[in-house]
Structures are given as structure tokens and as C-alpha cells.
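Worksheet: one structure, shown below.
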Amino acid sequence: MQTLASNPTFIAYAVSILVLSANLLFLWAYSGGVRGKTKTTPNVEDSRRGAKLVEGEPPEVARVLRAHKNAMANIVPFAILGLVYVLAGGSAMVAAVVFGVFTLARLAHTFAYLGGKQPWRTIWFVTGGLATLALMGFIVKTLVVA
Amino acid sequence: MQTLASNPTFIAYAVSILVLSANLLFLWAYSGGVRGKTKTTPNVEDSRRGAKLVEGEPPEVARVLRAHKNAMANIVPFAILGLVYVLAGGSAMVAAVVFGVFTLARLAHTFAYLGGKQPWRTIWFVTGGLATLALMGFIVKTLVVA
Amino acid sequence: MQTLASNPTFIAYAVSILVLSANLLFLWAYSGGVRGKTKTTPNVEDSRRGAKLVEGEPPEVARVLRAHKNAMANIVPFAILGLVYVLAGGSAMVAAVVFGVFTLARLAHTFAYLGGKQPWRTIWFVTGGLATLALMGFIVKTLVVA
């Protein structure tokens, strides 16, 4: 089997996925860190070690989890669609632009969500959504032309 | 590198993923639209712009989010398993049937969940689950035969 | 197109994904099973069939859903990164070790979460996270060397 390691569309994908995965993993770990500072836990086995057992999440934890949920809901479809585009033989130029815009928009969305910055949170969410729709269009075009 | 653009198993996968991604993105965007109509928000920065700050989600938003969560929980493993099947050199005929049944079942599940239609919601959920189990079986068979 | 069915890095990936997908699907189905035993439901259409309509989830259901959420948050990035490593032409030896450690750590995490076993839950979570970081490092190395 040949690898895709010298395929520039794949390189663009791999770089985006490294950044987007780091974004997802950071948000998940950060939600645990923020929860730790509140000294609360939803798990009875952790309450034995000093944290207070609570049913809901404290507001600051809930915010990080909403940012994570938003990231999952948007990054996961994009990641799968991006791979379809790579495997369909998509253009490296298109990939660099569309993957790049999406990745930057999602990083900016994470910062805007954690910092409570509006209208930026909405602007970056919509930008990521438009990049995803563009990618879907480019997939269709690539498959129809092929 | 050769592309998969002329591989019929991959085409079946790509079409399914376009539909399933649209399903996921619609549910996510729709949850935001439904929340907008309730004029509520979980984010203090949005409450400054007129929406009422609430801790839980209103019931109509919670329903859309449950449908989205169910879609993520089922579509994500299927999407990754489907790609494994494509890359393992799986049969286009099997892919067309299994991917087609799963995709239609998940679309139907979304409508049944949003409309509160039972026993249809359960029927389509189980259909999607059986298609996923079938796909896992076909992956094993393809790898063992190879 | 050549398949990857005889590529040992891909085989390691496929086996891990079969196990990890089964883990995710089990947790999701199990949350439904546990909810059934509590005779509660968040859906009004199910309450017509005997289950009691509740807003939050009973504690035993909430635990399974937290385990599922943790699994999704960790397995999904790993699954996409793992495929990038396979397609980049990554080493079968590295894949066997890193995918193997991650998969075993996540299975153990699921059991530790459902059983409320600490510090095991944290130990297996951290092990899975370190395997993911190692995989990201190996992807970078593979792409830079190529």
C-alpha cells in the first residue's frame, strides 16, 4: 500500500486534525480541571476523597462542557467529511483553505465561548458551519466530476 | 496516490456520510433555533441581549438535544466502522445495503424523535443498531478472508 | 484501488475500532437498559406506556451516561487520529502498542466508571490520554520524516 504521507491534501487534513483533536482534548481535560477547583463531583466515589457531591454541574464547569459539546457537534462531522474529501482525491488548495478556515474558526469559537464573548462566539460558530457546508459542496463536486 | 473516487464501496460511504452529517448538523442547528424561540439561554452573555437566563433547557429544546445525542452516539461509531469497511476492500453490494438501511433508519429516527412517535422511534433505533452490528460482522469477515 | 486488508498497521487499527465501537455502543444501550429498570423516561410518549416522566436522569442512569460521554470525548479523537496514522504509513509495531494500550485503558475505564472504582477510573483515563498524546507525537514524526 502506498501511504498518503506525500499527498498535500492529506497533509492539510492531518495538520487540521492534530489541532482540532488538541482542541477537543483540551476542553475535556479543562472541564475536569475547572470542576476540581470547585471541589464538587457528580460521583459518590470521588466525594469520599473530599469533593462535595452535587447533582448538577457548577456554572463554570457547565460552560466548559457546553463549549466541548459544541466542539464535538461541529468537529466530528467535519473530520469525517474531510477524510472523505481526501480519499475522493480532493484538491490540496481547496483543502488548505477550507480546513484552515474551519480550524481557525473552531479555535476562536473555543476562546469566545470560554470567555463569554458575543457576538464573536456566534460569528465563529457560523464561520465553521459555512466551512462545513462548503466542504460538503466540494465533496459532491469531486465525486460528480470523477 | 490513487483516489477512491471510482470505488463503488467508497461512493456508497460518501453518500451516506453526506446525508448523516447533514442529519447531525441539522439537529444541532435546530436545537439552537428552538432555543431561540423560547427566548431562553444558558449563557449570561446572551441574556444581556434579551434572552432569559435559565439553568436547565426548556422541554422542547431538551427533546432536540436528546435526538442529537442519540444521533451522535449511533452515527459516530457507524461512520468510523464504515470507513474501516471501505479501506478493508469491502463489497459495494453489502455497503449499499448496510449503509443505506442505517442511513434511512437514522433519518426516520430523527423524525420519530422530534415528533414523539412511538413505537417508531424504538423501531428505527433498533434497525440502526442491527445495521451497525451487521457492519461489524462484515468487517470481521472481510479481514479474516483477506 | 488496493485495499489495506493486508496492511498490519490497518489491521491493528481495525481490531481496536471494533472493540472501541462495541464499548461505545454497549454503554449507550446499557444506559437505556438501566433507565428501563428505573421505570422512568424523559419522553412524554414513553410515559404513556407506563414509565414515569422525569426531568433529570436517575443517578444510576446518569452514571452510565457520564461513562458514555467520557468514552465519546476520548475515543472519537483517538479514532480519527489513529486513521491519520494508518494513512500516513505509520509503523505496525507502534500501532499495535499505542492502539492496544489505549483500547485496554478505555475498556478498563468503562468498568471502573460503572463500578465506581477509584483511583482506577482516573488511572485508566490518564493512561488513555497519554496514549493519545503519544499517537499525536508519532503522527508528527511520521509526517516530518516522510
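The values are calculated or read from the model by the stated rules, or taken from the named source; none is laboratory data. These numbers were taken from a predicted model, which means no experiment stands behind them. Methodologically, a virtual Cβ is constructed for each residue, glycine included, from the backbone with ideal geometry; neighbour enumeration extends over all protein chains shown. Calculation scope for accessible area: heavy atoms of the full protein, side chains included, ligands and nucleic acids excluded. Shrake-Rupley method; radii C 1.70, N 1.55, O 1.52, S 1.80 Å.
Quick notes on this structure:
- Which listed residue is over 23 Å from B:ILE75 (Cα atoms), in contact with a Leu (Cβ under 6 Å, 6 or more places away or on another chain) and not small (Gly, Ala, Ser), from C:VAL94, C:VAL126, C:VAL140, C:VAL98: C:VAL98
- The set of residues in segment B:96-137 being surrounded by fewer than 19 Cβ atoms within 10 Å (Cβ to Cβ), in contact (Cβ under 8 Å) with a residue 24 or more places away in the chain and within 30 Å of C:PRO8 (Cα to Cα) consists of B:ALA96, B:GLY100, B:GLY129, B:ALA134.
- Qualifying residues in segment C:131-146 (those that are touching a Gly at 6+ places or on another chain (Cβ under 8 Å) and closer than 21 Å to A:LEU25 by Cα) - the one nearest to the other protein chains (Cβ to nearest Cβ): C:ILE139
- Once segment A:6-53 is narrowed to residues that are surrounded by 15 or more Cβ atoms within 10 Å (Cβ to Cβ) and in a loop (DSSP other than H, G, I, E, B), the residue that is nearest to the chain's Cα centre (by Cα) is A:ASN7.
- Taken residue by residue, segment B:86-95 has at least one member that is at the interface with another protein chain (Cβ under 8 Å from one of its Cβ atoms) and open to solvent by 30 Å² or more (accessible area, probe 1.4 Å).
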